[in-house]
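Scroll down for the structure; my scribbles are underneath it.
The values are calculated or read from the model by the stated rules, or taken from the named source; none is laboratory data. It should be emphasised that the depicted structure is a prediction, and the values quoted were computed from it without experimental measurement. Cβ: placed from backbone, ideal geometry, glycine included. Neighbour counts: every protein chain shown.
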Amino acid sequence: MLINYFALLNSQFQLGFLFITLTIPLSRVQMPTDDKKGVYAFNEQHAVALLLLIHSEGEVLGFELRTISGNYPKLKLIADDLQKLGLIDIQIQQKPRLTHKYMLTEKGKKVAELLLKIDDTMKTDD
């Protein structure tokens, strides 16, 4: 069985995906059993893209998440998981209409910077 890990290639206002498949026998991978998934949270499709979008924009409103995927309910669930991990903060404004605002926490900023470093490393020809 394969585990798919993906990294977001981020250029100015343009998002693309590079999918990397690593063959790891699942018997050798210890899957998390608690709510704190750690790095396994990135197995969710669009989790990396969500973090890097918020990082590049500073803050993102709910409707802007559709630049990643048209499936807003799924993105909302991923955002909720990232919030549980302490990577993003979600502020809900009730007036004038219900609006969700997504921002990175300090921990989320550190993780996003590390993801960008990984992306840069993957782009080099070493």
Name the single residue, out of those in the stretch 108-126 being more than 17 Å from Glu57 (Cα to Cα) and acidic (Asp, Glu), that is surrounded by the most Cβ atoms within 10 Å (Cβ to Cβ). Asp119
Inside the stretch 86-107, the number of residues satisfying the requirement of being farther than 16 Å from Gly58 by Cβ and touching a helix residue (DSSP H, G or I) at 6+ places or on another chain (Cβ under 6 Å) is 1
Any idea which of (1) farther than 16 Å from Leu104 by Cα; (2) modelled with pLDDT of 85 or more; (3) surrounded by 13 or more Cβ atoms within 10 Å (Cβ to Cβ) is the one Ile54 doesn't satisfy? (1)
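Mind checking which residues of the stretch 61-96 are part of a strand (DSSP E or B) and out of contact with any His (no Cβ under 9 Å at 6 or more places or on another chain)? Outline the logic, then answer.
Taking the stretch 61-96 first, the residues part of a strand (DSSP E or B) are 61, 88-93.
Listed by number, the residues that qualify are Ile88, Asp89.
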Return the pairs, sorted by first residue and then second, in which the second residue is surrounded by fewer than 15 Cβ atoms within 10 Å (Cβ to Cβ) and not basic (Lys, Arg), the first residue lies in the stretch 102-115 and is touching a residue at least 24 places away in the same chain (Cβ under 8 Å), the beta carbons are less than 6 Å apart, and the residues are 6+ apart or on different chains. Tyr102/Ile90; Met103/Glu59
State yes or no: is Leu85 more than 11 Å from the chain's Cα centre (by Cα), hydrophobic (A, V, I, L, M, F, W, C) and at pLDDT below 90? no
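Can we say Ala41 is modelled with pLDDT of 90 or more, surrounded by 10 or more Cβ atoms within 10 Å (Cβ to Cβ), part of a helix (DSSP H, G or I) and out of contact with any His (no Cβ under 6 Å at 6 or more places or on another chain)? Write out each step before concluding.
Numbers: modelled with pLDDT of 90 or more: no; surrounded by 10 or more Cβ atoms within 10 Å (Cβ to Cβ): yes; part of a helix (DSSP H, G or I): yes; out of contact with any His (no Cβ under 6 Å at 6 or more places or on another chain): yes.
Against the criterion (modelled with pLDDT of 90 or more, surrounded by 10 or more Cβ atoms within 10 Å (Cβ to Cβ), part of a helix (DSSP H, G or I) and out of contact with any His (no Cβ under 6 Å at 6 or more places or on another chain)), Ala41 does not qualify.
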Number of the exception - Ile24 against (1) surrounded by fewer than 11 Cβ atoms within 10 Å (Cβ to Cβ); (2) out of contact with any helix residue (DSSP H, G or I) (no Cβ under 8 Å at 6 or more places or on another chain); (3) modelled with pLDDT under 50: (1)
For residues that are loosely packed, with under 14 Cβ neighbours inside 10 Å, closer than 18 Å to Gly38 by Cα, without any contact (Cβ under 8 Å) to a residue 24 or more places away in the chain and not small (Gly, Ala, Ser), tally how many sit in the stretch 60-86. 2
